[in-house]
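First up is the structure itself, then whatever we jot down about it.
The values are calculated or read from the model by the stated rules, or taken from the named source; none is laboratory data. What you see is a predicted model, and the numbers here were worked out from it, not measured in a lab. Here the Cβ positions follow ideal geometry from the backbone for every residue, glycine too, while neighbour counts run over all protein chains shown. Side chains included, ligands, DNA and RNA excluded: accessible areas come from the protein's heavy atoms. Shrake-Rupley method; radii C 1.70, N 1.55, O 1.52, S 1.80 Å.
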Amino acid sequence: YQRRVHGEKFDVMNDAHRLQAELEFVQSLANPAYLHFLARQRYFEDAAFINYLRYLKYWQRPEYARQLVYPQCLRFLELLQHKGFRNELGNQLVINEIASQQFYHWQYYRRNRSTAAVPAQEPPALPLS
């Protein structure tokens, strides 16, 4: 819908649309290439954008976090609160390392988790002579 402020029309998202847009944006933070794009476009130098990232921390609360398909985005959201991390995202080597670590996590997480879920079996007892 639209709202008039001082005679000008502004499009205003209703709460459901805003929540959906914020959900999509927060999950996009799980993509190292997108983080690199934001750094290269100097979004991390914009105080309003940094405040927006701070605002988005509400996604860490369980009632919101359960909606996430890519929960690692929450870790990136937390790291983005630190200027040093934001500064490093402009470096392609750092992005490559983040992407490879993320890939290895995805590759081995399911296997490691399923292995941890199965209790180790004790070896058979040796007969005493």
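Kindly evaluate residue 95 against the criterion of being modelled with pLDDT of 95 or more and part of a helix (DSSP H, G or I). No, not satisfied. Of all residues in segment 27-49, those satisfying the criterion of being within 15 Å of the chain's Cα centre (by Cα) and either over 13 Å from residue 88 (Cα atoms) or in contact (Cβ under 8 Å) with a residue 60 or more places away in the chain (or both) are 27, 28, 29, 30, 31, 32, 33, 34, 35. Taking the listed residues 118, 69, the one that is at pLDDT below 90 and β-branched (Val, Ile, Thr) is 118, with no other qualifying. For segment 28-57, filtered to residues that are touching a Phe, Trp or Tyr at 6+ places or on another chain (Cβ under 6 Å) and farther than 22 Å from residue 100 by Cβ, the residue that is most open to solvent (accessible area, probe 1.4 Å) is 43.
Apart from one condition, residue 59 fits all of (1) farther than 22 Å from residue 18 by Cβ; (2) within 14 Å of the chain's Cα centre (by Cα); (3) of a type outside the set (S, T, N, Q); the exception is (1).
The residue of segment 62-75 that is nearest to the chain's Cα centre (by Cα), among those that are in a helix (DSSP H, G or I) and within 15 Å of residue 102 (Cβ to Cβ), is 73.
If the condition is being open to solvent by 90 Å² or more (accessible area, probe 1.4 Å) and either in contact with a Cys (Cβ under 9 Å, 6 or more places away or on another chain) or in a helix (DSSP H, G or I) (or both), then segment 76-87 contributes 83, 87. For residue 11, the conditions (1) surrounded by 10 or more Cβ atoms within 10 Å (Cβ to Cβ); (2) modelled with pLDDT under 95; (3) more than 19 Å from residue 57 (Cβ to Cβ) are fulfilled apart from (1). Only one entry of 42, 18, 61, 66 meets the criterion of being of a type outside the set (S, T, N, Q) and on the phi > 0 side of the Ramachandran plot, and that entry is 42.
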